[in-house]
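The structure under discussion appears below in the form of structure tokens.
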Amino acid sequence: MDTSMYSWNVPSVLSLVFLLYGVDIASIYWATTSTNPAPFILLALLAYPVVWIILYAYYHYKRRYLKIRQDKSYEKYSSIWAILFLLFPYVFLIIFALWLQ
């Protein structure tokens, strides 16, 4: 399977997920210490294009390993970890907000 067809979509989604993780960490830091995390948020915003370029280069030029294609492991295992990775920041913030009350 050639991953070059995902050259702009996957980096955008993953970079956005990493950016949201950074904002979640900054908001938790702000809630616990009452210190403005503006430098950290600025760093997270500046890291977004760097992460996007790295992921774009990976998905545009990198091909999947032949072993994955040969043993068809993508058909054997579900993508539950991808779903959990995307939803964890929001679930964590909801649980954290309920815990603070």
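The numbers here are math on the coordinates, done by the rules we state, and not lab data. Note that this is a predicted model, so its numbers are computed, not measured. Positions of Cβ are generated from backbone atoms using ideal geometry, with glycine treated the same way; all protein chains shown enter the neighbour counts.
Some values worked out for this structure:
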quantity: Footprinting exposure proxy for ILE53, ILE25 (fewest neighbouring C-beta atoms within 10 Å first); calculated: ILE53, ILE25
quantity: Neighbour-count order for TRP30, TRP52, TRP99, fewest beta carbons within 10 angstrom listed first; calculated: TRP99, TRP30, TRP52
quantity: Table column - 3J(HN,Hα) (Hz), the stretch 43-57, Karplus curve with 6.51, -1.76, 1.60, x for Gly and Pro; calculated: 5, 5, 5, 6, 6, 4, x, 5, 5, 4, 5, 5, 5, 4, 5
quantity: For ILE54, ILE95, order by how many other beta-carbon atoms lie within 10 Å, fewest first; calculated: ILE95, ILE54
